[in-house]
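The numbers here are math on the coordinates, done by the rules we state, and not lab data. Because the structure is predicted, anything quoted here is derived from the model rather than measured. Glycine gets a Cβ as well: all are built from the backbone with ideal geometry, and neighbour counts include every protein chain shown.
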């Protein structure tokens, strides 16, 4: 075990007290050749804290310890992505990169939405502790919005059985009968937030919740037609097969 600490203007390499004299000499010999400073792309402390908050609060919700849930979700993620197992500690040699950590957090949020869990986290400590929903911690807000659409979950509050909402006025394309799902953006909202959108308008709603509607492609429209019956009346599947 090595740990580099700084005291005043000195750098001190701390080692395990059980290290033998021979091991110490070998280490000293390596150090005498100089130290190379190398920047590495590693998971950030903030990402690690968010992950542990997810494992703790989601674990308590579904009946696992934070360590049990970490292992379950990490194994599932690595298997699905076909990547090697990684550490979520930036101090470990096999730690995740920032990109992997970002994708892992988004993946967990998508998984929790699909499982029907409304993820609410206790972020911070003491007087700075506050509750934050999945929308507020998701690093990829478009992926989050799409996951909510697929599962009929309100993108604002996480309530289930949300409505499909046209982010852009459907009258701009001639009305619902001309809606093929490809000419306007969409978001899923519960009845309360659906009504609020119409009451305060698109710009104020976007500024309040930091959300936007997403554009769909033909594959997603075909998928969402099964979720929201009666919508996308002008879509013709045969045009995209």
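Below, the figures for the structure above:
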item	result
Ratio Rg/Rh, restricted to region 162-241 and using Cα atoms, in which Rh is the Kirkwood radius	0.98
Structure-based [θ]222 nm, the chain - -39500 (n - 2.57) summed over DSSP H runs of at least 4, per residue, nearest 500	-13000 deg cm²/dmol
Relative contact order of region 5-148, defined on C-alpha pairs under 8 angstrom at six or more residues apart (%)	20
C-alpha long axis of helix 45-62 to longest principal axis of the chain, angle in °	60
Principal-axis tilt of helix 141-150 within the chain, Cα atoms, nearest 10 degrees	50
Relative contact order (percent, whole number), the chain, Cα cutoff 8 Å, 6+ residue spacing	12
Sequence ranges 159-165, 30-36, 229-235, ranked by mean other-Cβ count within 10 angstrom, highest first	159-165, 229-235, 30-36
D (Stokes-Einstein, µm²/s), Kirkwood Cα radius, region 45-135, 1.567 mPa s at 4 °C	95
Radius, Kirkwood style, for the chain when every pair of distinct Cα atoms is counted (Å)	21.4
Relative contact order (%) - criterion: Cα under 8 Å, at least six apart; region: region 97-140	35
Residue order, fewest to most surrounding Cβ atoms within 10 angstrom, among 219, 145, 102	219, 102, 145
Folded to 0 to 90 degrees: helix 66-81 orientation relative to the chain principal axis, Cα	70
